[in-house]
Protein chains: 2
Amino acid sequence: MPARIKDVAKRAGVSVATVSRVINGGKNVSDEAKEAVKNAVDELGYSPNYIARSLVTQKNNMIGVIVPDLTASFFSVILSSIEKETSENNYNILICNIEEDLDKEIKYLNLFKEMRVDGIIVMHEKADDRIINLMNEISIPIIFCSCVVPCVNATAIIINDFKASYDATKYLIDLGHRDIAFIGGDLRDTTSGKDRYDGYRKALEDNGINFNKEYVWFSDYKMKSGYNIMEEIIKSDKAPTAIYAVSDDMAVGALNCILDNGYKVPDDFSIMGFDGGMLIDSVRPKITSMQQPIREMGSIAIKTLLEHIETGSELPSQIVLKHKLIINDSCRKL
Amino acid sequence: MPARIKDVAKRAGVSVATVSRVINGGKNVSDEAKEAVKNAVDELGYSPNYIARSLVTQKNNMIGVIVPDLTASFFSVILSSIEKETSENNYNILICNIEEDLDKEIKYLNLFKEMRVDGIIVMHEKADDRIINLMNEISIPIIFCSCVVPCVNATAIIINDFKASYDATKYLIDLGHRDIAFIGGDLRDTTSGKDRYDGYRKALEDNGINFNKEYVWFSDYKMKSGYNIMEEIIKSDKAPTAIYAVSDDMAVGALNCILDNGYKVPDDFSIMGFDGGMLIDSVRPKITSMQQPIREMGSIAIKTLLEHIETGSELPSQIVLKHKLIINDSCRKL
DNA sequence: GTGAAAGCGCTAACAG
DNA sequence: CTGTTAGCGCTTTCAC
């Protein structure tokens, strides 16, 4: 069993209060006492019990993080920037991978509540009323990263998905494309699902291009889905000149499907992705993609959260970051 | 402030002990009492304080996880399988991304000790004496996943890296390659660094191929490094027919460099990767790679750990899993 | 500068 | 079946 504070006190010949003072900065302690305590700590290999301390200070320096898919590059990058920022500020993160399982999200939200975490960061693709209610009653500050949920005492870190998607589509239109297939996300997902779809449609409309329902597909952001949908597109009699997928993963899936079928990018099909993560540089041709400031989203999320926790600063309801088109080699001028 | 157990007790007209019993299974409680408590819990939105509970039960159901790079596909897959397994067993994971920073690893190891986590999973590429000493004195069970560190009370989940690397090299040799460049990891890293290098050399030796020092490069497993090293290889006057990289990421980096320089795979260069993760299927040509059972490594690590925690079962010093060559399209017969 | 003592919120004997 | 009570290990008044 690990040594306790009273063991250190006894060994150092002082009271537990003095030991506690030394451990927490050493104010108002004589140098001799300080010395004695330090020696005793070393000899006993003592380290304070975080749990007991949390109980009395009502603070545990923990941030709960909910993420839909740890293996998706987009989230893993956000996560790593969150981890970096928390670690530098002496906070720790408790990670839950929900895999689109709402029950699991609820379970973890409840756990975070029981754990009395100091804050929560949520990245997910959809939510239902149970989740929204739970978030409202939980009274722990929440930051949404790359998603929006109507909920009190929460901030959403997002880009303007509508505008970003509009700009991506417009870029293809400006290159001369009029037959642009759209591989979207889940429409229930406000930002990356619905907003990106709306941006696509509005860009078509503003440029006098008829909307063609058969060019539109919805899916789950994953590479495999992009591949499968592209297979359908190739099989169909409709032949778009450009494919716009709202995630890099789906764009790469589409790319591979095109290559596997003996077609060329961008000669036969142009491809536009979304996210602008490292994946777009790891394939050939490199993929043109609408970039979100991924690392920044994570770091701003956590900075906003920690500032709120430590200073009680007001949480803004949204922070909108800038998107940016990364032009690579997957789109050609018609 | 959240409701406490005594608030519930008062509201339900029972004692705190009864409330505690109801919360923890409800054995030995009358149905009326149970009802009253449940109602009070609902009305107050009560949830037990995890921290207080941990303090008295001396158990917090937390597993500390140390990972070198959250954004590397290899680790993110292991992590997700760890997360899945822990979540199903009502444990939670505390994640630390050390980014090859030994000081950070030490800091987190100490934190895990202070937190009294029930177990630790470590995936890292190198360690020094400070870390080994710390691990030995910490008296918390440790599982090493994909690495080995001499340390008591610990298990390593690994493949036979020497043999796997030997087999990978042998495959290239059997295809007729004799000029095989090797892009290795860090030699200080026993398994993925040294063992894989040794396997490569032994395969050459057993097949009567002279070892050529100029074909050997060491690096950090990352895609960018694979790219850079490949650039050097192309520039040099030595022209290997095959490139064997000990991570998929480096293999993909090499592939992209080859393509960017106008060469073809496998026509001009054959490429062999290591890990066999999802990355090998996301590029064209698909990469032939020596596969580790990645998800299995994570799940076996956590199963072994939890069993030890809950039953006190002996920790084996090693569990060696099977490797498997995944043959794709990046290697050709000479 | 230092120690005694009162909790933090909960569980687990121990009586009844 | 139920309540009382003694801690879990620590921090923090409050006296001295």
* Structure fact -> Of the residues in the range B:37-51, those that are β-branched (V, I, T) and either within 14 Å of DNA strand D (Cβ to nearest atom) or surrounded by fewer than 20 Cβ atoms within 10 Å (Cβ to Cβ) (or both) come to B:V37, B:I51
* To do: Scan A:K238, A:K224, A:K202 and give me the residue that is surrounded by fewer than 19 Cβ atoms within 10 Å (Cβ to Cβ), at pLDDT below 95 and of a type in the set (K, R).
  => A:K238
* Give the residue, chosen from A:S270, A:S236, A:S299, that is out of contact with any Gly (no Cβ under 7 Å at 6 or more places or on another chain) and not assigned by TED's automatic domain parsing to the domain that holds A:Y215. => A:S299
* Of all residues in the range A:1-14 being within 14 Å of chain B (Cβ to nearest Cβ) and away from DNA strand C (no atom under 13 Å from the Cβ), which is surrounded by the fewest Cβ atoms within 10 Å (Cβ to Cβ)? -> A:M1
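Conditions (1) of a type in the set (D, E, K, R); (2) assigned to a helix (DSSP H, G or I); (3) in contact (Cβ under 8 Å) with a residue 12 or more places away in the chain; (4) more than 14 Å from chain B (Cβ to nearest Cβ), marked per residue:
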site	(1), (2), (3), (4)
A:F112	no, yes, yes, no
A:E125	yes, no, yes, yes
A:I132	no, yes, yes, yes
A:E137	yes, yes, no, no
A:T155	no, no, yes, yes
A:A164	no, yes, yes, yes
A:I173	no, yes, yes, yes
A:H177	no, no, yes, yes
A:R188	yes, no, yes, yes
* To do: Out of the residues in the range B:45-72 that are among the polar types (S, T, N, Q) and more than 7 Å from chain A (Cβ to nearest Cβ), state the one that is farthest from the chain's Cα centre (by Cα).
  => B:T57
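Examine the range B:279-294 for a residue that is among the hydroxyl-bearing types (S, T, Y) and within 15 Å of the chain's Cα centre (by Cα), and state whether such a residue exists.
no
Taking the stated definitions as given, is B:N28 more than 11 Å from DNA strand D (Cβ to nearest atom) and not hydrophobic (A, V, I, L, M, F, W, C)?
No.
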* To do: Would you check if A:I106 is modelled with pLDDT under 95, touching an Asp or Glu at 6+ places or on another chain (Cβ under 8 Å) and either farther than 19 Å from A:D275 by Cβ or in a strand (DSSP E or B) (or both)?
  => no
* Which numbered condition A:L255 fails, given (1) modelled with pLDDT of 95 or more; (2) closer than 30 Å to A:P150 by Cβ -> (2)
* Structure fact -> Checked B:D186, B:D128 against criteria (charged (D, E, K, R) and over 18 Å from the mean Cα position of the chain (by Cα)); the one match is B:D128
* To do: Identify, by number, the condition in (1) surrounded by fewer than 17 Cβ atoms within 10 Å (Cβ to Cβ); (2) without any contact (Cβ under 8 Å) to a residue 40 or more places away in the chain; (3) farther than 21 Å from A:I234 by Cα that A:G262 doesn't meet.
  => (3)
* Structure fact -> Okay, strands (runs of 3 or more DSSP E) sitting entirely in the range B:227-334 with 3 or more residues that are of a type in the set (A, V, I, L, M, F, W, C) and more than 19 Å from B:L172 (Cβ to Cβ), I get B:318-321
* Asked: Out of the range A:52-103, which residues are more than 16 Å from DNA strand D (Cβ to nearest atom), in contact with a helix residue (DSSP H, G or I) (Cβ under 6 Å, 6 or more places away or on another chain) and of a type in the set (G, A, S)?
  -> A:G64, A:S73, A:S76, A:S81
* Unmet criterion (only one of (1) closer than 26 Å to B:K235 by Cβ; (2) small (G, A, S); (3) within 14 Å of chain A (Cβ to nearest Cβ); (4) in contact (Cβ under 8 Å) with a residue 12 or more places away in the chain) for B:G277 -> (1)
* To do: For A:L94, work out the one condition from (1) within 16 Å of DNA strand C (Cβ to nearest atom); (2) closer than 29 Å to A:I5 by Cα; (3) within 9 Å of chain B (Cβ to nearest Cβ) it doesn't fulfil.
  => (1)
* **Residue check for B:V22: surrounded by 15 or more Cβ atoms within 10 Å (Cβ to Cβ), over 18 Å from A:L94 (Cβ atoms) and within 12 Å of DNA strand D (Cβ to nearest atom)** => yes
* On the given criteria, is B:S47 of a type outside the set (A, V, I, L, M), part of a helix (DSSP H, G or I) and near DNA strand C (Cβ under 9 Å from one of its atoms)? -> no
* Asked: Out of all the residues in the range A:149-164, is one or more among the hydroxyl-bearing types (S, T, Y) and outside the structural domain of A:V65 (by TED's automatic domain parsing)?
  -> no
* Candidate set: the range A:15-44, residues that are assigned to a helix (DSSP H, G or I) and within 14 Å of chain B (Cβ to nearest Cβ); chosen: the one nearest to DNA strand C (Cβ to nearest atom) -> A:I23
* To do: Determine, yes or no, whether B:G64 is more than 9 Å from DNA strand C (Cβ to nearest atom) and surrounded by fewer than 17 Cβ atoms within 10 Å (Cβ to Cβ).
  => no
* To do: Six or more apart or on different chains, Cβ under 7 Å: which pairs go from a residue in the range A:35-59 that's closer than 12 Å to A:K10 by Cα to one that's among the acidic types (D, E) and surrounded by fewer than 20 Cβ atoms within 10 Å (Cβ to Cβ)? Could you list them?
  => A:L44/A:D7
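Considering only the range B:139-150, how many residues are within 17 Å of B:F112 (Cα to Cα) and part of a loop (DSSP other than H, G, I, E, B)?
Residues flagged as within 17 Å of B:F112 (Cα to Cα) and part of a loop (DSSP other than H, G, I, E, B) within the range B:139-150 amount to 3.
The values are calculated or read from the model by the stated rules, or taken from the named source; none is laboratory data. Given the structure is predicted, the values throughout are model-derived calculations rather than measurements. In this analysis, Cβ positions are derived from the backbone assuming ideal geometry, glycine residues included, and neighbour counts consider all displayed protein chains.
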